[in-house]
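Each remark here refers to the structure printed beneath this line.
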Amino acid sequence: MCSMRVVVWCALIFVIHVGFSVSNAELSPTFYSQTCPLLYNTVFGVIFGASLTDNRIGASLVRLHFHDCFVQGCDGSILLNNTATIESEQDAIPNKNSIRGLDVVNNIKAAVEKICPATVSCADILAIAAEVGSVLGGGPSWPVPLGRRDSLTANQTLANRNLPAPFFTLDQLKAAFAVQGLNTTDLVALSGAHTFGRAHCGTFISRLYNFNNTGNPDPTLNTTYLLTLRETCPQNATVDNLTNLDLTTPDRLDNKYYSNLQQLNGLLQSDQELFSTPGADTISLVNSFSSSQSVFFSNFAASMIKMGNIGVLEGTKGEIRLQCNFVNGDSSGLGSVASKDPKDNLLAQSK
Ligand code: HEM
Ligand SMILES: *[C@@H]1O[C@H](CO)[C@@H](O)[C@H](O)[C@H]1NC(C)=O
Ligand SMILES: *[C@@H]1O[C@H](CO)[C@@H](O)[C@H](O)[C@H]1NC(C)=O
Ligand SMILES: *[C@@H]1O[C@H](CO)[C@@H](O)[C@H](O)[C@H]1NC(C)=O
Ligand SMILES: *[C@@H]1O[C@H](CO)[C@@H](O)[C@H](O)[C@H]1NC(C)=O
Ligand SMILES: *[C@@H]1O[C@H](CO)[C@@H](O)[C@H](O)[C@H]1NC(C)=O
Ligand SMILES: *[C@@H]1O[C@H](CO)[C@@H](O)[C@H](O)[C@H]1NC(C)=O
Ligand SMILES: *[C@@H]1O[C@H](CO)[C@@H](O)[C@H](O)[C@H]1NC(C)=O
């Protein structure tokens, strides 16, 4: 407590403290501990509920955070739907018919709005959801730095440009991560997220029949695995089937991804490149993560936190969206959130 004697001193500390946290603009795991103490449990509860009928949801939410962060920063931009002014990132090539979990994010947001209205950003919800996805898959837990704000824009062009493709070579993968301030250790650790979830045949089929226009399969693909994958993904198929990214433990966030790579059982070219590129500095990292799950877990958690810091909006930048699919007040989107002015709602209902 500030007695009269030290009130000036206390005020000074307050100013320094607030000034520091605003100007330095640092995320903090305790950001909502006063304004929304039940936040984590609420997010966890909704995702746990969804996981009872969807064993893939944790993986899908981890990927959503990644695809948010690589496009104008971790600002919830991936959640914005098409409107008169927004060209949705959801329609970018790496996202279309592929990202999942948007409905679960909306359910989380609705539950959070009930207990702490207009307080928690959609970008922060994505960051927490990714950590919960890791935990539910048996992966590491970490204190999630919070305090991100939501963007007023999306950028589909940037989503197409920044998100790495499954046919990237190691040099291209490194470059795509370097643009985001992530290094080779981050690349290898974060690629470990392919320890769970699924991929469409279309993302790796070129490895099965005509790799790099050689008329042959990818020589760095295990021949037993090749035969299995050819059954799931026949040539000229009419259906783009899904298969597990990790053939060993498909729904677990563990270090089996790395031992798969050692046995040439990586699904995507971008996975196998980490181990099979001759002389690459990533090979020793794969070996290290393969031989110790705890080393992998601590690197994965550290790199997830690092990724979660990319280009965040803080302080008074951006906004706290009320509905994650739309910028506040953008009623041009179908199903946009109800206005706070009852007159506007009557107007909307009569349309
Ligand atoms: C290194 C470059 C990366 C490339 C080229 C890449 C590419 C892909 C592709 C093509 C898929 C399958 C999508 C589909 O067919 O629908 C996929 C799935 C997935 N990716 Fe990545 N990814 C990369 C890095 C990451 C990172 C950094 C994370 C997270 C930290 C991540 C998490 C996931 C997860 C969890 C899935 C499964 C999602 C689900 O089942 O819904 N990926 N990725
Ligand atoms: C998307 O980002 C690019 C590169 O920063 C920029 O040139 C372009 O104007 C942006 N588009 C939108 C719609 O913001
Ligand atoms: C990558 O960055 C982390 C810090 O974020 C550092 O500990 C690690 O040594 C770096 N790795 C490489 C290969 O530079
Ligand atoms: C694909 O083929 C080209 C030559 O046609 C070669 O330079 C390149 O290294 C090959 N890529 C892979 C991943 O093998
Ligand atoms: C797939 O289609 C191509 C031409 O469209 C054809 O040459 C090839 O024989 C077909 N392969 C199979 C297995 O049907
Ligand atoms: C994959 O899709 C094809 C049709 O394109 C289908 O015949 C086949 O049974 C599917 N395989 C699996 C494992 O789902
Ligand atoms: C191919 O994978 C199997 C396990 O799925 C493994 O026993 C075998 O050693 C692998 N082959 C190579 C060349 O790594
Ligand atoms: C936003 O778009 C997605 C498809 O990308 C759709 O499933 C969802 O219903 C839309 N949300 C709203 C609130 O209209």
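Some notes on this structure:
- In the set (1) within 16 Å of ligand 5 (Cβ to nearest atom); (2) among the hydroxyl-bearing types (Ser, Thr, Tyr); (3) crowded, with 19+ Cβ neighbours inside 10 Å, the condition left unmet by SER121 is number (1).
- Matching residues, the range 297-326, being of a type in the set (Phe, Trp, Tyr) and either under 18 Å from the mean Cα position of the chain (by Cα) or part of a loop (DSSP other than H, G, I, E, B) (or both): PHE297, PHE300
- Only one of the numbered conditions (1) within 22 Å of the chain's Cα centre (by Cα); (2) more than 19 Å from SER134 (Cβ to Cβ); (3) within 16 Å of ligand 4 (Cβ to nearest atom) is violated by ASP271, and that is (2).
- ASP124 closer than 24 Å to ASN299 by Cβ and of a type in the set (Asp, Glu): yes
- Cβ-Cβ under 6 Å pairs, at least 6 apart or on other chains, the range 71-89 side farther than 13 Å from SER151 by Cα, far side within 13 Å of ligand 8 (Cβ to nearest atom): ASN82/SER88; THR83/ASP330; THR83/SER332; THR83/GLY333; ALA84/SER332; GLU87/GLN156
- Within the set VAL286, VAL295, the sole residue that is of a type in the set (A, V, I, L, M, F, W, C) and either in contact with a Leu (Cβ under 6 Å, 6 or more places away or on another chain) or surrounded by 23 or more Cβ atoms within 10 Å (Cβ to Cβ) (or both) turns out to be VAL286.
- Residue in the range 319-329 that is modelled with pLDDT under 95 and of a type outside the set (A, V, I, L, M) present: yes
- Helices (runs of 4 or more DSSP H) enclosed by the range 1-88 - at least 1 residues per element that are surrounded by 13 or more Cβ atoms within 10 Å (Cβ to Cβ) and at pLDDT 95 or above: 39-51, 57-69
- Exactly one residue out of ILE108, ILE128 is under 12 Å from the mean Cα position of the chain (by Cα) and buried (at least 19 other Cβ atoms within 10 Å of the Cβ): that is ILE128.
The values are calculated or read from the model by the stated rules, or taken from the named source; none is laboratory data. From a predicted model like this one, the values you see are computed outputs, not experimental measurements. So basically every Cβ, Gly included, is an ideal-geometry build from the backbone, and we count neighbours across all protein chains shown.
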